[in-house]
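Notes follow the structure.
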Amino acid sequence: MRAHLIQQTILVMLMVAAAMPKAAAAESEKQFKVSATAPATNYKLSISGVYQVKKEIWVISRVEQVGDFGGQALTLVSDAVSVKIGDLPGEDLKVIHKISGRVIKGGGAGAINPEIQKLGKRIAEMKRFASVARFTPEGYREFQSKLAGLEKQLAKLQAGEDKKNNVDYISRAGEKQLEKMLADAKKIPFKRSGKKTVTAPPVKKR
């Protein structure tokens with residue numbers, strides 16, 4: 001009889017445990033990852049804040065140089081943070097990546113678009129050639145016209161890539177305007193792996 005009661009108690013405990021939501025589910029999180037293409041290997045990207053601005057989520061990050069020496073090669077840099085689902089609005093909002101610092105446009109969502117990379121390399125080679133070449137006046141005008149056309153094509157490709165990936169690059173002047181906009185925005189606490197949750201700070205004045 002006693003053994004039967006113990007078995008029933010264990011069964012009830014197991015049923016209750018199965019019905020209870022898991023801790024992981026209760027504390028479920030959403031990750032925000034930002035990637036950008038830096039001009040050299042000695043750069044890093046750091047996310048500084050996550051905000052709700054009207055009907056959008058803004059992930060604020062910056063690409064900065066680390067040390068004085070680095071290889072002159074386009075380098076993919078990234079950072080990721082997590083926020084608790086409970087700290088996010090119930091509705092699914094559009095996520096915008098606001099990136100400032102030294103960054104190559106068109107590479108904000110991952111590895112830079114091969115077409116953009118190829119065109120950028122061609123433009124750089126043309127500029128190097130122009131610095132040492134001797135042109136006739138007519139030849140120089142023709143060369144500059146062709147270079148301007150390629151730069152316009154590159155800008156169009158970069159803008160299209162960034163728009164597709166919801167990337168917005170912030171200039172130094174734009175950082176002050178961004179700071180004003182974030183002053184009234186809702187700050188969403190975030191954390192990095194192995195670190196405590198922190199509240200997103202406003203963009204620092206420069």
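Worth a mention:
Residue-wise test of (1) in contact (Cβ under 8 Å) with a residue 40 or more places away in the chain; (2) within 20 Å of the chain's Cα centre (by Cα); (3) under 15 Å from Ala36 (Cβ atoms).
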{"site": "Lys54", "(1), (2), (3)": "no, yes, no"}
{"site": "Val59", "(1), (2), (3)": "no, yes, yes"}
{"site": "Phe135", "(1), (2), (3)": "no, no, no"}
{"site": "Gly139", "(1), (2), (3)": "no, no, no"}
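- Put simply, of Ala159, Ala200, Ala124 the only residue that is closer than 21 Å to Ala73 by Cα and either among the polar types (S, T, N, Q) or modelled with pLDDT under 90 (or both) is Ala124.
- When Lys44 is tested against (1) closer than 26 Å to Lys186 by Cα; (2) surrounded by 14 or more Cβ atoms within 10 Å (Cβ to Cβ); (3) among the basic types (Lys, Arg); (4) free of Cβ contacts under 8 Å to residues at least 60 places away in the same chain, only condition (1) is not met.
- Out of Ile57, Ile96, Ile47, sole residue that is at pLDDT 90 or above and closer than 14 Å to Leu178 by Cβ: Ile96
- Some residue of region 68-82 being of a type in the set (Phe, Trp, Tyr) and either within 30 Å of Gly149 (Cβ to Cβ) or surrounded by 13 or more Cβ atoms within 10 Å (Cβ to Cβ) (or both): no
- When residues of region 24-39 are limited to those that are more than 20 Å from Ile170 (Cβ to Cβ) and either among the β-branched types (Val, Ile, Thr) or assigned to a loop (DSSP other than H, G, I, E, B) (or both), the one modelled with the highest pLDDT: Ser28
The values are calculated or read from the model by the stated rules, or taken from the named source; none is laboratory data. Please read these numbers as outputs of a predicted model, since none were measured by experiment. Virtual Cβ from ideal backbone geometry, glycine too; neighbours counted across all protein chains shown.
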